[in-house]
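This structure is in structure tokens; I'll ask about it shortly.
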Amino acid sequence: MSSLFPALTGAPADRPALRFGDRSLTYGELGAAAGALAARIDGAGRVAVWATPALETAVAVVAALEAGVAAVPLNPKSGEKELGHILSDCAPSVVLAAAGDELPAPLGDLERIDVDVHGAGPLPGPRPSHEDPALIVYTSGTTGPPKGAVIPRRAIAATLDALADAWQWTADDVLVHGLPLFHVHGLVLGILGPLRRGGSVRHLGRFGTEGVARELNEGATMVFGVPTMYHRIAQALPAEPELAKALGRARLLVSGSAALPVHDHERITAATGQRVVERYGMTETLMNTSVRADGEARAGTVGVPLPGVELRLVEEDGTPITSYDGETVGEIQVRGPNLFTEYLNRPDATTAAFTADGWFRTGDMAVRDPDGYVRIVGRKATDLIKSGGYKIGAGEIENALLEHPGVREAAVTGEPDADLGERIVAWVVPENPQSPPTADELADHVARRLAPHKRPRVVHHLSALPRNDMGKIMKRALRHD
Ligand code: MCA
Ligand code: AMP
């Protein structure tokens, strides 16, 4: 396979590639730094990448892809339990991190390589094959610890080229980006996407409306964000006329990872004259659909299947729905070169995720308009929560809560939240009703063990959880009194 990033050798060496705050790299510098690091990790099997929002993360991932070594991006805020699980599951031989970054205990036994963003070495010659794993990205399921989705090089190339077609995305685009770099959205779309096009990316370090406005005023053309970010933009617009003007200059505003409420679409369009384009994807499938840059804007839809992606809706029993009537709800199944290959070490989960003829079951429920536009209406599993664009399994948090000595029983649900889409709610039966653990204590406990975004935002104490005759918790019957 040819390089995923032809611009590393084909673009003028002084062309800007990456900027994080006041640190930046041109294509020439990125190629040299990635070449030097690729030589050091050649044959390493798998490398973990301490995925802070920094140049080092981008250089580390590009080096791994050039070397044909699978990279496992790690959330630098992962708690010990989550990190321990990921490391024992994927068994990396090395961790790549920025010099000076402190790594927590579970990484202590691994060889560490500090990423030198000013390194210099030639890019490796022969390329790995299409099907070789490029990334292993951990993603939550309804129960149990996160699973590692193995994403091949072919899927990254296919999805980024399909998006280039849908969004008319070129080397002239400059992306403003404030997403984390340990998930598909921020890493594959936000970093690898501009680099594959030969364009550039300016990462804000952390999302803020001032940063978005500043970069758009200084020539950036595109914004990628999760709905929470667009909600915060919509909230800020009335008081920040400069933000409206800056957004009005953008070529393309893209939202994804969860549904952007129509109200936020409308507020942004009214204030800026711009529409926000939604696309729909998943860690396991990369991108499936999008509203096209040259297509009709239709708030509340995720557009049409991307080139090369087959998409169908199926009934509960698996029968395909053939009518596009905008009303019949079915589960979305997809097939195409954008799909992952497997869940690492989980053949059972991999088999369950696909039909016999190779369609991936997304678990997302949708209808299709007569002209093919897809509208997502919900999810099959109520135990999957989308909060701030992060997918979080209820079971994983319940298990963490049960490890707290003050918790006898626990159930976790999601409830609507204007900012986060959904917020995590914990329903807890305390060991001692006279001195139940506080909400902050439980939030800290979960944040420390798993990750801060998985912490419950609301905690209710109950004397018992509602259960059916089989002893199963009836989550729909959970009420606070
Ligand atoms: C608060 N904090 C804590 C605690 N409480 N830390 C430890 N213990 C606690 N008890 C810290 C947090 O770590 C965070 O720090 C800060 O306080 C604020 O936390 P929080 O309220 O959770 O964050 P937020 O500012 O509300 O975050 C909103 C956000 C974020 C910026 C929109 O949710 C986000 O970045 N979402 C992106 C998710 C994403 O990329 N999803 C892609 C996956 P600090 O601020 O320092 O961090 S989906 C995907 O990839 C598919 C393919 C797709 O379709 O895209
Ligand atoms: P993840 O597993 O974290 O990659 O998240 C994938 C899930 O995010 C999908 O299965 C959808 O439920 C949801 N998702 C992604 N993009 C959208 C969107 N534009 N609208 C609604 N849901 C979305």
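We did not get these values from a lab; they are worked out from the coordinates using the rules stated. All figures in this text were calculated on a predicted structure; none of them were measured in a lab. With ideal geometry, Cβ positions are generated from the backbone for all residues, glycine too; neighbour counts draw on all protein chains shown.
To the nearest 20 debye, what charge dipole does the range 1-92 have about its Cα centre, counting +1 at the Cβ of each Lys and Arg and -1 at the Cβ of each Asp and Glu?
Numbers: 7 positive and 9 negative charges, 16 e Å.
That gives a dipole near 80 debye.
What list of ³J(HN,Hα) values in whole Hz, one per residue of the range 325-339 in order, does the Karplus curve 6.51 cos²θ - 1.76 cosθ + 1.60 (θ = phi - 60°) give from phi, with Gly and Pro shown as x?
10, x, 10, 6, 8, x, 7, 7, 10, 9, 8, x, x, 7, 7
Once you place label points 7 Å from the Cα toward the Cβ at residue 434 and residue 206, how far apart are they in nm?
The modelled label-to-label distance comes out at 4.1 nm.
Quote to one decimal, in nm, the extra length available between residue 13 and residue 349 on full extension: 0.36 nm per residue of separation minus the C-alpha distance between them.
Working: separation 336, 0.36 × 336 = 120.96 nm, distance 4.46 nm.
Extending this stretch completely gives an extra 116.5 nm.
If packing is taken as the mean number of other Cβ atoms within 10 Å per residue, what is the order of 51-63, 204-216, highest first?
Values: 51-63: 26.3, 204-216: 18.4.
Descending mean neighbour count gives 51-63, 204-216.
So for the pair residue 441, residue 263, with labels modelled 7 Å out along Cα→Cβ, what separation do we get in nm?
For residue 441 paired with residue 263, the spin-label model returns 3.6 nm.
In addition: Would you tally the net charge around residue 119, using a Cβ to Cβ cut-off of less than 13 Å, leaving residue 119 out, and scoring K and R as +1, D and E as -1? Show your work: numbers first, answer last.
Working: positive: 40; negative: 29, 56, 66, 114, 116.
So the environment of residue 119 carries a net charge of -4.
Could I have the simple spin-label model distance between residue 468 and residue 293, label points 7 Å from Cα toward Cβ, reported in nm to one decimal?
Computed distance between label sites residue 468 and residue 293 equals 5.0 nm.
On to the next question. What ranking do 443-452, 260-269 get when scored by the average of other Cβ atoms within 10 Å per residue, highest first? Could you put the intermediate results ahead of the total?
Details: 443-452: 19.6, 260-269: 18.0.
Top of the packing list down: 443-452, 260-269.
Let me ask you something else. Where does the chain land on the Kirkwood hydrodynamic radius, alpha-carbon pairs, in angstrom?
On the way: mean 1/r = 0.0431 Å⁻¹.
When all Cα pairs of the chain are included, the Kirkwood radius is 23.2 Å.
Could I ask something else about it? Please enumerate, by chain and number, the lysines with C-alpha under 16 Å from the C-alpha of residue 475, excluding those fewer than 8 residues away in the same chain.
Result set, ordered by chain and number: 380.
So how much slack lies between residue 168 and residue 114, counting 0.36 nm per residue of separation and subtracting their Cα-Cα distance, in nm? Write down the numbers at each step before the final one.
Numbers: separation 54, 0.36 × 54 = 19.44 nm, distance 3.67 nm.
Difference between extended and current length: 15.8 nm.
If R₀ is 51 angstrom, what is the calculated FRET efficiency for the pair residue 460 and residue 249, using the beta carbon separation as r and rounding to 0.05?
Working: r = 46 Å, r/R0 = 0.90.
Once the sixth-power term is evaluated, E becomes 0.65.
While we're on this one: What ranking, highest mean first, results for peptides 383-392, 220-229, 363-372 when packing means the other Cβ atoms within 10 Å averaged over each residue?
Numbers: 383-392: 21.1, 220-229: 23.6, 363-372: 16.9.
Ranked from most to least packed, the peptides come out as 220-229, 383-392, 363-372.
Right, something else. How high is the FRET efficiency between residue 323 and residue 102 when r is their beta carbon distance and R₀ equals 41 Å, given to the nearest 0.05?
On the way: r = 57 Å, r/R0 = 1.39.
Given R0 = 41 Å and the Cβ-Cβ separation, E is 0.10.
Which FRET efficiency value, to the nearest 0.05, is calculated for residue 218 and residue 377 with the Förster distance at 51 angstrom and r the Cβ-Cβ distance?
Values: r = 39 Å, r/R0 = 0.77.
Once rounded, the FRET efficiency stands at 0.80.
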